[in-house]
Amino acid sequence: MLTKIKTASLWGIDAEPVTVETDAHPGLPSLNIVGLADMTIKEARDRIRPAIMNSGFSFPGNRITVNLSPAARRKEGSHFDLPVALGILLLQGQDESPAAGWGVMGELSLDGQVLPVRGALPMAIGMRKCGIKKIMVPEGNAEEVSIVEDIDVYPVSDLKNAFNMYTGRVAPVRYTGAGARDEEDRERAAEDYADVIGQENVKRAVTVAAAGAHGILMIGSPGVGKTMIAGRMPGIMPDLDYEGALTLTQIYSIAGKLNEKRQIIRERPFVAPHTTITKAGLLGGGARPRPGAVSLAHEGILFLDEFGEFDAKLLDMLRQPMEDRKIVITRDGRNAVFPCSFMLVAASNPCKCGYLGDPRHECTCTQGQIDSYRNRFSGPLLDRIDIHVRVEAASEGSLDGKAGGLSTPEMKKMVTEARKIQYERQGSCLNGELTPAQLKRYCVLGSEESRFMSEAYKSLGLSMRVFNKIIKIIRTIADLAGEKYIKTCHIAEALQYRGIDGIFNR
Ligand SMILES: [Zn+2]
């Protein structure tokens, strides 16, 4: 006889349905798995036999062939264990199963426990797209999968439990939600800008950055609070909608980054890779494609601390994905696509010793060292970072416990309203994403403003190269003020963020 059980196979952020066909023939006892299975699936043979025996079942004494259909596409993952084991058990004279047509996924331990798997959410979404509405999943994946609307989730603890449920020996118990656990993200979300004392100008700069989706570079001595400021940025961006949370949770699921404390991604992410990160770690890659840091930062912040220490070639590779807002990885002639619409936030010391321009400490660098450090801050990626701001140590007076200043909820309200104005005016794109043609259309200067701007250019010795960056920021500042027309005060503010030269030439 032949049994068929539905499951899925991952590819990029998507998954496609797979049918596990199991058949038994007379012959020497053996278990063969065919259908372009990779090593993790081949190894399933070594897990499935003990899992079946240790669950109190007998293993069939004939020749068993398992085919993963469609056979033409490569498959990977330990989640095939459970459907294959169930298929084998069903061979032993079962009637029609009440759960025929359900989707099934799960890894087996040797003692028959069902263990959580990577990519459960995208696989559930892939199965749902093909009309499967009931899915049996490991207990550890139930919460993650339950965010798919219009799907019934049945968690199972071990193989015996799964077999009894699949064959109707016990009534299936549908998962109703234990309350999503997202403790890690919630802890971070509780951090407030009200605790960042005496940095109102920098808080203003990050508000402008978040409002218009502008990249921002913060330069300042060690210990002035750059990381503290960057880490709070996701909190001032508008709430993530359902689609956004679903996509992010898929990305984290595929990356194997969901756990007990973090089952659903509902908060905008903050991802801070180390300077030694590899190309695959940053952009994604691998024989079986996995998302990189840029995709884990999707809809949130990619924070590059010690920006000058990153490999310049690696940083250059960020340009294309920033433009496309997705990464395409080609393997076996197929494209795996991972979204990566993130905001870039960079931070750096002003020089090697860290104290150039710091009134409290003397810089011990030679002019040569200062020049060579500064040279790292040039190039095409820097051109994509619109806002450059100097972060100074908070002055003594502002440290006397007077928190005050803007709070995260206040900044978030400003950002949300300014973004609404941009969407109404220019469709789905924010000011930081405007093309040169759109800039001409949406960032018109009156005659007085044009005169002010050209005088500022002359007196500050600015190049036309920075014009396109400044005009975007001016537009965002006007939007934050709720002004339809750009005024000279908006231009004056934007000129403070005019670029790296202004910061280094102090
Ligand atoms: Zn120095």
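Just checking, which of Arg384, Arg325, Arg334 is modelled with pLDDT under 85, within 26 Å of Phe270 (Cβ to Cβ) and among the basic types (Lys, Arg)? Before you say what the answer is, go through the steps one by one.
Numbers: Arg325 fails: modelled with pLDDT under 85; Arg334 fails: within 26 Å of Phe270 (Cβ to Cβ).
Being modelled with pLDDT under 85, within 26 Å of Phe270 (Cβ to Cβ) and among the basic types (Lys, Arg) holds for just one of Arg384, Arg325, Arg334, which is Arg384.
Starting from region 363-376, keep only residues that are free of Cβ contacts under 8 Å to residues at least 24 places away in the same chain, then list their pairs with residues that are part of a helix (DSSP H, G or I) and near the ligand (Cβ under 10 Å from one of its atoms) whose Cβ atoms are within a distance under 9 Å, requiring at least 6 positions of separation or different chains.
Every condition considered, the pairs that remain are Cys363/Ile370; Cys365/Tyr373.
Among the residues of region 351-362, count how many are within 7 Å of the ligand (Cβ to nearest atom) and either more than 20 Å from Arg374 (Cβ to Cβ) or crowded, with 22+ Cβ neighbours inside 10 Å (or both). First the steps, then the outcome.
Initially, region 351-362 is screened for residues within 7 Å of the ligand (Cβ to nearest atom), giving 351-356.
With the extra rule that they be either more than 20 Å from Arg374 (Cβ to Cβ) or crowded, with 22+ Cβ neighbours inside 10 Å (or both), the set shrinks to 351, 356.
Final tally of qualifying residues: 2.
As an exercise: evaluate Leu302 against (1) within 16 Å of the ligand (Cβ to nearest atom); (2) modelled with pLDDT of 95 or more and give the number of the one condition it does not meet.
Here Leu302 meets the rest and fails (1).
Look through region 263-299, keep the residues that are assigned to a loop (DSSP other than H, G, I, E, B) and touching a strand residue (DSSP E or B) at 6+ places or on another chain (Cβ under 6 Å), and return whichever of them is surrounded by the fewest Cβ atoms within 10 Å (Cβ to Cβ). Can you show your working first?
Of region 263-299, the ones assigned to a loop (DSSP other than H, G, I, E, B) are 263-269, 272-278, 286-289, 292, 297-299.
From what is left, the residues that are touching a strand residue (DSSP E or B) at 6+ places or on another chain (Cβ under 6 Å) are 264, 266, 272, 289, 292, 297-298.
Details: Ile264: 21, Arg266: 19, Ala272: 16, Pro289: 24, Gly292: 26, Ala297: 27, His298: 27.
Looking at the filtered set, the residue picked out is Ala272.
What residue, of Leu115, Leu82, Leu31, is outside the structural domain of Ile264 (by TED's automatic domain parsing), more than 25 Å from Arg174 (Cβ to Cβ) and among the aliphatic types (A, V, I, L, M)? Steps first, please.
Details: Leu115 fails: more than 25 Å from Arg174 (Cβ to Cβ); Leu82 fails: more than 25 Å from Arg174 (Cβ to Cβ).
None of the others qualify; the one that does is Leu31.
Could you list all residues from region 356-384 that are more than 34 Å from the chain's Cα centre (by Cα) and assigned to a loop (DSSP other than H, G, I, E, B)?
Just the residues of region 356-384 that are more than 34 Å from the chain's Cα centre (by Cα), to begin with: 356-371.
The answer is Leu356, Gly357, Asp358, Pro359, Arg360, His361, Glu362, Cys363, Thr364, Cys365, Thr366.
From Leu240, Leu246, Leu217, which residue is assigned to a helix (DSSP H, G or I) and of a type outside the set (Asp, Glu)?
Values: Leu240 fails: assigned to a helix (DSSP H, G or I); Leu217 fails: assigned to a helix (DSSP H, G or I).
The match here is Leu246.
Conditions first: (1) modelled with pLDDT of 90 or more; (2) assigned to a helix (DSSP H, G or I); (3) more than 27 Å from the chain's Cα centre (by Cα); (4) exposed (fewer than 13 other Cβ atoms within 10 Å of the Cβ). Ala492 passes all but one, so which condition is the exception?
Of the numbered conditions (1) modelled with pLDDT of 90 or more; (2) assigned to a helix (DSSP H, G or I); (3) more than 27 Å from the chain's Cα centre (by Cα); (4) exposed (fewer than 13 other Cβ atoms within 10 Å of the Cβ), the odd one out for Ala492 is (4).
Residues in region 83-96: is at least one closer than 21 Å to Arg288 by Cβ and at pLDDT 85 or above? I'd like the intermediate steps shown before the answer.
At the first step, the residues of region 83-96 found to be closer than 21 Å to Arg288 by Cβ are 83-84.
Then drop every residue that is not at pLDDT 85 or above, which leaves 83-84.
Yes, region 83-96 contains at least one residue that is closer than 21 Å to Arg288 by Cβ and at pLDDT 85 or above.
Somewhere in region 407-430, is a residue small (Gly, Ala, Ser), closer than 24 Å to Glu493 by Cα, in a loop (DSSP other than H, G, I, E, B) and modelled with pLDDT under 85? Walk me through how you get there before you give the answer.
Within region 407-430, the subset small (Gly, Ala, Ser) is 407, 418, 427-428.
Adding the requirement that they be closer than 24 Å to Glu493 by Cα leaves 407, 418.
Subsequent filtering for residues that are in a loop (DSSP other than H, G, I, E, B) retains 407.
Right, trim to modelled with pLDDT under 85 and you get none.
The answer is no, given that none of the residues of region 407-430 is small (Gly, Ala, Ser), closer than 24 Å to Glu493 by Cα, in a loop (DSSP other than H, G, I, E, B) and modelled with pLDDT under 85.
Yes or no: region 325-335 includes at least one residue that is on the phi < 0 side of the Ramachandran plot, within 16 Å of the ligand (Cβ to nearest atom) and not aromatic (Phe, Trp, Tyr).
Filtering region 325-335 down to residues on the phi < 0 side of the Ramachandran plot leaves 326-331, 334-335.
Right, trim to within 16 Å of the ligand (Cβ to nearest atom) and you get none.
Within region 325-335 (the criterion being on the phi < 0 side of the Ramachandran plot, within 16 Å of the ligand (Cβ to nearest atom) and not aromatic (Phe, Trp, Tyr)), the answer is no, since none of the residues qualifies.
Between Ser428, Ser454, which is over 29 Å from Met322 (Cα atoms) and not assigned by TED's automatic domain parsing to the domain that holds Val206?
Working: Ser428 fails: over 29 Å from Met322 (Cα atoms).
Within the list Ser428, Ser454, the selection yields Ser454.
Are any residues in region 235-254 touching a residue at least 60 places away in the same chain (Cβ under 8 Å) and hydrophobic (A, V, I, L, M, F, W, C), and if so, which ones?
Ile236, Met237, Ala245, Leu246, Ile251, Ile254
Quick check on this structure: which one of Gly220, Gly179, Gly198, Gly168 is under 24 Å from Glu392 (Cα atoms), at pLDDT below 90 and not aliphatic (A, V, I, L, M)?
Matching residue, one of Gly220, Gly179, Gly198, Gly168: Gly198.
The rows are residues; the columns are (1) closer than 19 Å to Val337 by Cβ; (2) β-branched (Val, Ile, Thr); (3) touching an Asp or Glu at 6+ places or on another chain (Cβ under 8 Å); (4) assigned by TED's automatic domain parsing to the domain that holds His361.
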site	(1), (2), (3), (4)
Glu200	no, no, no, yes
Val206	no, yes, no, yes
Ile219	no, yes, no, yes
Met233	no, no, no, yes
Pro269	yes, no, yes, yes
Arg288	yes, no, yes, yes
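Kindly indicate whether Ser348 is within 31 Å of the chain's Cα centre (by Cα), at pLDDT 90 or above, within 13 Å of the ligand (Cβ to nearest atom) and not β-branched (Val, Ile, Thr). I'd like the intermediate steps shown before the answer.
Working: within 31 Å of the chain's Cα centre (by Cα): yes; at pLDDT 90 or above: yes; within 13 Å of the ligand (Cβ to nearest atom): yes; not β-branched (Val, Ile, Thr): yes.
Yes: the conditions hold for Ser348.
Checking Ala210 against (1) modelled with pLDDT of 95 or more; (2) within 18 Å of the chain's Cα centre (by Cα); (3) surrounded by fewer than 23 Cβ atoms within 10 Å (Cβ to Cβ), only one condition comes out false. Which one?
Ala210 satisfies all of (1) modelled with pLDDT of 95 or more; (2) within 18 Å of the chain's Cα centre (by Cα); (3) surrounded by fewer than 23 Cβ atoms within 10 Å (Cβ to Cβ) except (3).
Kindly evaluate Gln320 against the criterion of being within 14 Å of the ligand (Cβ to nearest atom) and either surrounded by fewer than 17 Cβ atoms within 10 Å (Cβ to Cβ) or outside the structural domain of Val271 (by TED's automatic domain parsing) (or both). Write out each step before concluding.
Values: within 14 Å of the ligand (Cβ to nearest atom): no; either surrounded by fewer than 17 Cβ atoms within 10 Å (Cβ to Cβ) or outside the structural domain of Val271 (by TED's automatic domain parsing) (or both): yes.
So Gln320 fails the test.
How many residues does region 17-48 contain that are in contact with a Ser or Thr (Cβ under 9 Å, 6 or more places away or on another chain) and part of a loop (DSSP other than H, G, I, E, B)?
Total satisfying the criteria: 2.
Search region 300-316 for residues that are on the phi > 0 side of the Ramachandran plot and pair each with any residue that is assigned to a loop (DSSP other than H, G, I, E, B) and surrounded by fewer than 13 Cβ atoms within 10 Å (Cβ to Cβ) when their beta-carbon atoms are under 9 Å apart and the residues are at least 6 apart or on different chains.
Glu306/His274
Going by the structure shown, is Leu344 surrounded by 22 or more Cβ atoms within 10 Å (Cβ to Cβ), in contact (Cβ under 8 Å) with a residue 40 or more places away in the chain, under 19 Å from Ser378 (Cα atoms) and in contact with a Pro (Cβ under 8 Å, 6 or more places away or on another chain)?
Details: surrounded by 22 or more Cβ atoms within 10 Å (Cβ to Cβ): yes; in contact (Cβ under 8 Å) with a residue 40 or more places away in the chain: yes; under 19 Å from Ser378 (Cα atoms): yes; in contact with a Pro (Cβ under 8 Å, 6 or more places away or on another chain): no.
Here the answer is no, as Leu344 does not meet what is asked.
The values are calculated or read from the model by the stated rules, or taken from the named source; none is laboratory data. Predicted, not measured: the structure shown is a model, and the values here were computed from it. Using ideal geometry, Cβ is built from the backbone for each residue, glycine included, and neighbour counts are taken over all protein chains shown.
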